[in-house]
Every structure is written in C-alpha cells, then in structure tokens.
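The values are calculated or read from the model by the stated rules, or taken from the named source; none is laboratory data. What you see is a predicted model; the values in this text were computed from it and never measured. Cβ coordinates were reconstructed from backbone atoms using ideal geometry, including for glycine residues, and neighbour counts include every protein chain displayed.
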Amino acid sequence: MAKENRVILCTGLPGIEKGRFFAETRKLAKFNGKDIKIYAVGDMLLSLAKEDDPNFIPENVLNMPSSNLEGLVRCVYDDIARDIKNNEYSLITTHATFFWRKVMTDSGNARFLEKVKPDMYVTIVQAPDMIRNTLQKSRQWRAQMPTEDEVCLWQNIEAMATEKYWAGMQKTQDGKRPRFLVLPRDSEHEDMLKLFMYPNVEFVYSAFPMTQLKDPDGSYDKIKEFQRRLREYFGVVCPRKLNIAIDASGMISNQTVHMDLAHFVKDTTKTIYYVPEMVPSTGGITEVTTGITLSRDIYQVFNAELAETLRQKDGSMKISPFVSYNSRGVFWSEDSFFEHLKKEGYEKLNMKRQ
C-alpha cells in the first residue's frame, strides 16, 4: 500500500477535453517525482459494456436503460475501489450530469462514491462555445448538439451537482471533511497538481479589472507576473482562464457571473484584487463585496508605478476610504504585499515548474 493515498474526483462536461489537462498535470507530477493514476469512468464503462456485448456501439451508450447504466457504473467503481489504495495519488474523472435528447439526467456516480471516499471534489469548466466546438467533432454528440446557452446552463448544473456530491460525503478515508473547488479548464497545471501535493494549500481568487482596461497588453503582463508570484504560495483561480467573450449572450453572461461569485469567490479563502491601472471595474467591486459578505479575506494590491501617481504632496494616497474599509490590507506595491505574506508565516511551495 502506498504511504500516502490521496483521491480527487473531477467532473466536467463532455467536450472540455479534461483528458489533455490531466495528462499535462500528470507529466508535471512526474517531473516532481510523483505519479497520478487516472481512472476515466466513461472509458472504463464503455470497455465493460463492449465486453458484455461485442455489438455495443459506444456512441449510443446514453440510449441504454438507466438500470443498465447504473449497473455498469457500479462495476466501474468496484474496480476502482479494489485498485485505488495501491496509488499515492488517484484522479477519478467523470461526468456528474448528461444533457441527452434535451433532457438533463444524473450520471449515477453519487450512489457509489462511498466506495472511494474522495478527499477533494473538483469541477472543470470552460467557455460554452469552446465546449460546443469540440462536441461538434464527436459522432456521439453531433446529432444531440446543445446550443451555447444550453451548454452554459448544463455546465452550471454540473458544478451544482458535484457540490451536492461533496456536501453529501461526510468523511474522507482519513476521517476529514473533503473540499470542493471549481477550476477553469485553462488553469495552470501546477494549480491542479497542488491539490495532490499540498492537500491543505489555500486557493485564492485573483480579481482584477478586465473590460475597461486602456492598456490591455501591458496590464495583462503585470497581472500574469503578479499571479506567477501568487502561485509560489497559493493555488490561484483566474477568471480570465474561463475564456468568455465580452459580447457573450445574456444567458452566458448571467451564468458566468453566477459561476464567478457562487464558485470562484465562494470556494476560495481570499479575494486578492490587483490594480494594474485606474479604470472602473464593476466586476471587481462586486467580487470584493461578495467576498466580504462570505467572510473571506480581502486584499487590494496596487501596481507600484501606478501607486506613485496616487501619492499626494503630504505622502498620503489619493484613494477612496471604501478601498480599505473591509480589506484585510491595502498594499501600494507588489513587493510590499509579498513581504506581508512572509511576515504572516506563508512559505513558498516547493514545486518544480517545467
């Protein structure tokens, strides 16, 4: 039996291409001297179905009676449960829901999670148009193609269903309460790996102005560098990794805001609002306010060069009192914020990056 045994359950819609994301995460794990055993529930289920019936057509699997599907899911989890304790890190990838023939259905995983007792529940999310573009290449989904709005709604239900899995699982294998997180598909692979290597790592929400930036390229360079430094101490959830277009439909925009506030902000311990330039940001204000109401720590960090333009002759900063009203701290340079982390006892994570 492996000395350490950590199990993470990951859900997400068909078309997100979780497999490629997890393969790159596993590659990074090996670079750090670790390994992740990946159990793809869907692939395992199709393999069992083909063993039972040589004429079985995989693309038609969701046409099977629910009782037949449930039996296959049970067998898959029995196989995983027999093998999982041999691994240091195990990742179970599956779907929580299906949208088939315009009907939302449950995948049946919840009945069997007690067999594997995940330590962590993660839903991987992506922009609806990117999911749909991938589904269009699939023979299975081409004839059942959902609209972008339906994909968006389906994705939020996927996250909600996975959160219900998490809420219903009282204890993990070591007797602790599991965790839940929603992570954009294009997140850095190191953030996914941290969930294995550092079970108690804090995940923070990286907030910043997006829509009204006057210098997008320059500001995003500053944001990426700030996030790089954040990742030395935390896991980071970045809203830009969701790849939602500015001109998205009303449904997609509304569901995106819900994902941002109900998951990205709520499922993290801190909202760190980074200001690369002084522009209005309704989103940033809303994220900070939501974090406050959820009793999360709020930090506001100004780019050092920008901060100097706000400094008055008496040395004080020309800034609204609302900035500091509910913040754990306001910092007038990136360096001062990271110095504060060190004083608070945070240490850099010992992870090799490729």
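At a glance:
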{"quantity": "Residue match in segment 6-13 (condition: charged (D, E, K, R), loosely packed, with under 15 Cβ neighbours inside 10 Å and either assigned by TED's automatic domain parsing to the domain that holds GLN144 or touching a residue at least 60 places away in the same chain (Cβ under 8 Å) (or both))", "calculated": "no"}
{"quantity": "Of residues in segment 99-138 being of a type in the set (Phe, Trp, Tyr) and out of contact with any Leu (no Cβ under 6 Å at 6 or more places or on another chain), the one farthest from ILE36 (Cα to Cα)", "calculated": "PHE99"}
{"quantity": "Residue satisfying all of: in segment 209-242; farther than 27 Å from LYS352 by Cα and in contact (Cβ under 8 Å) with a residue 60 or more places away in the chain; surrounded by the fewest Cβ atoms within 10 Å (Cβ to Cβ) among these", "calculated": "LYS214"}
{"quantity": "Close pairs from segment 268-284: first assigned by TED's automatic domain parsing to the domain that holds SER320 and β-branched (Val, Ile, Thr), partner in a loop (DSSP other than H, G, I, E, B) and surrounded by 18 or more Cβ atoms within 10 Å (Cβ to Cβ), Cβ under 8 Å, at least 6 apart", "calculated": "THR268/ARG296; THR269/ARG296; THR271/ARG296; VAL275/PHE208; VAL275/PRO209; VAL275/ASN303; VAL279/PRO209"}
{"quantity": "Any chance LEU46 is at pLDDT 95 or above, surrounded by fewer than 20 Cβ atoms within 10 Å (Cβ to Cβ) and touching a helix residue (DSSP H, G or I) at 6+ places or on another chain (Cβ under 7 Å)", "calculated": "yes"}
{"quantity": "Where ALA307 falls short, out of the listed (1) more than 30 Å from PHE180 (Cα to Cα); (2) among the aliphatic types (A, V, I, L, M); (3) out of contact with any strand residue (DSSP E or B) (no Cβ under 8 Å at 6 or more places or on another chain)", "calculated": "(3)"}
{"quantity": "Residue satisfying condition, being loosely packed, with under 14 Cβ neighbours inside 10 Å, closer than 21 Å to PHE203 by Cβ, among the charged types (D, E, K, R) and modelled with pLDDT of 95 or more, within set GLU347, GLU334, GLU339", "calculated": "GLU347"}
{"quantity": "Inter-residue pairs, beta-carbon under 6 Å, first touching a residue at least 24 places away in the same chain (Cβ under 8 Å) and in segment 328-345, second part of a loop (DSSP other than H, G, I, E, B) and not small (Gly, Ala, Ser), 6+ apart", "calculated": "LEU341/TYR233"}
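Let's see how each residue does on (1) in contact with a Gly (Cβ under 7 Å, 6 or more places away or on another chain); (2) assigned by TED's automatic domain parsing to the domain that holds GLN255; (3) within 23 Å of GLY235 (Cα to Cα):
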{"residue": "ASP83", "(1), (2), (3)": "no, no, no"}
{"residue": "MET104", "(1), (2), (3)": "no, no, no"}
{"residue": "ASN109", "(1), (2), (3)": "no, no, no"}
{"residue": "ILE124", "(1), (2), (3)": "yes, no, yes"}
{"residue": "ILE157", "(1), (2), (3)": "no, no, no"}
{"residue": "THR162", "(1), (2), (3)": "no, no, yes"}
{"residue": "TYR165", "(1), (2), (3)": "no, no, yes"}
{"residue": "MET169", "(1), (2), (3)": "no, no, no"}
{"residue": "PHE180", "(1), (2), (3)": "no, no, yes"}
